[in-house]
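**Q** Here it is, the structure in full.
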Amino acid sequence: MNRGRYAASVTGAALFLILFLFSEDFSSGAAIGLYNCAQVIIPSLFPFMVAASVLGEGELPPIIRRLVEPITRSLFGQPAESIVVILVGLFGGYPSGARAAASLYSGGKLTEEQAKSLMLFCVNAGTGFCVNAVGISLMHSADAGKIIFLSLCISAVIIGFFTKPKKDGALPQSTEKPKPFSEIFVGGVASGASGILTVCAFTTLFSGLLSVVSGMGISNVIPLACLLEVTSGCVSAAGKVPLPIIAGVCAFGGICVHMQIFSLAGKVKPVYLKFLFFRLLHAVVSGAVCSLLLRLFPIEMQTFLPVSDGARLYSFSLPAAISLLFFSSLLIFDLDKQRKIC
């Protein structure tokens, strides 16, 4: 019995039924998702996706290797090459770390265990999302966005210290011939474009599904939006929950982000339950660090915040919510079993 094929049939039929019965709601939600892609995701994430692909093809100069190796080895148990994944993952936005890890692995610079270990903590919201989208646009406070971003970075480093690979292992054999810079750069842009298209596709799909579920419900349930899609979760939670909880939402990322990461990780995606555990741990630690930072650096924010015109709050019914979570989980576990590089 091929459970993956049965899950695909059920999910496809469910999506078809949703689109047939709630086409107007889905279209309006998808439009919001595309708006978020144009305003937030593409400007803040695409350059880092290109950088991740280009850096994955490059070589660290010997002097930089000597400076970086003691730091990456002592903190994360990783070779100097991992600094590319760490920096891009912390500053570039959720899926960029996965893209960089996959590029370095395919280029023979990281072992599979090293790449999988990096993917457990190199998953951050990025400066653009935290400061511009969440801080300035939603909370009308750049300082709030900076506190959130700093909380995520500190907690990611803490988690990275405890996810060191047990052994280095043998590096994979790269069959690719050396490429000229022009070919590397052009390929990096094309790879970044492919990656950002995947990210926007998932974001648009989930925004449409959340809009459909919104039309079925009678009460607002913020946690479900936070669990499924991080942008909608932050929109629905802004002004209603304390800042440390917003930091936790950004750290977790949502199932939509998890799917983006697994679709870009190729052969180096970790076991999903393990990945999910560290996403939840990242959320908890980020909330705790955010609380501590607010004690050290208190900031002023409005108690009630107006939501931007492009945003939409979601309300849910429990049966629809459970169904959507179920089908999302099936898709992630199916991605987890695939071993081909996307």
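Every number here is computed from the coordinates shown, using simple stated rules; none is lab data. Because the structure is predicted, anything quoted here is derived from the model rather than measured. As a convention, Cβ positions derive from the backbone with ideal geometry for all residues, glycine included, and neighbour counts pool all protein chains shown.
**Q** Which whole-Hz couplings ³J(HN,Hα) result when phi for each residue of region 18-25 is put into the Karplus expression 6.51 cos²θ - 1.76 cosθ + 1.60, θ = phi - 60°, listed in order with x for Gly and Pro?
**A** Taking θ as phi minus 60°, the curve returns 4, 5, 6, 8, 10, 4, 5, 5 Hz for region 18-25.
**Q** A further question on this structure: Run through all the Cα pairs of region 66-145 and give the fraction in each 5 Å bin from 0, expressed as whole percent.
**A** 3, 17, 22, 19, 14, 9, 8, 5, 1
**Q** Something else: Can you compute log10 of I(q)/I(0) for region 195-291 with the Debye formula, treating each Cα as one identical point scatterer, at q = 0.13, 0.18 Å⁻¹?
**A** Debye intensities relative to I(0), on a log10 scale: -0.48, -0.88.
**Q** Evaluate 2.2 N^0.38 Å with N set to the residue count of region 1-149, then give the Cα radius of gyration divided by it. Don't skip to the end; give the middle numbers.
**A** Details: Rg = 19.7 Å, N = 149, 2.2 N^0.38 = 14.7 Å.
Cα-based Rg divided by the globular estimate yields 1.34.
**Q** Starting at the first residue of region 181-190, write each ³J(HN,Hα) from the Karplus equation 6.51 cos²θ - 1.76 cosθ + 1.60 with θ = phi - 60°, in whole Hz, x for Gly and Pro.
**A** With the stated coefficients, region 181-190 comes to 4, 4, 5, 5, 5, 4, x, x, 5, 5 Hz.
**Q** For A142 and K166, FRET efficiency with R0 = 35 Å and r from the beta-carbon atoms, rounded to 0.05? Before the final figure, lay out each step's value.
**A** Working: r = 41 Å, r/R0 = 1.18.
For R0 = 35 Å, the calculated efficiency reads 0.25.
**Q** Among I63, I299, I255, which comes first, then next, by fewest other beta-carbon atoms within 10 Å? Walk me through the intermediate numbers first.
**A** Values: I63 8, I299 15, I255 22.
With the fewest neighbours first, I63, I299, I255 line up as I63, I299, I255.
**Q** Considering only Cα-Cα distances, which of the following residue pairs are longer than 23 Å: K240/K269; K116/K179; K146/K166; K109/K164; K164/K274?
**A** Over 23 Å Cα-Cα: K240/K269; K116/K179; K146/K166.
**Q** Enumerate the calculated ³J(HN,Hα) couplings along region 127-140 in order (Karplus 6.51 cos²θ - 1.76 cosθ + 1.60, θ = phi - 60°), each rounded to whole Hz, writing x wherever the residue is Gly or Pro.
**A** Those phi angles translate into 5, x, 5, 5, 7, 7, 6, 7, x, 7, 6, 8, 10, 6 Hz.
**Q** How much space per residue, in cubic angstrom, does the convex hull of the C-alpha atoms of region 29-112 take up?
**A** Convex hull of Cα atoms, per residue: 103 Å³.
**Q** What residue among L90, M49, P62 has its Cα farthest toward the positive end of the dipole of region 29-99, where the charges are +1 on Lys, Arg and -1 on Asp, Glu, each on the Cβ?
**A** L90
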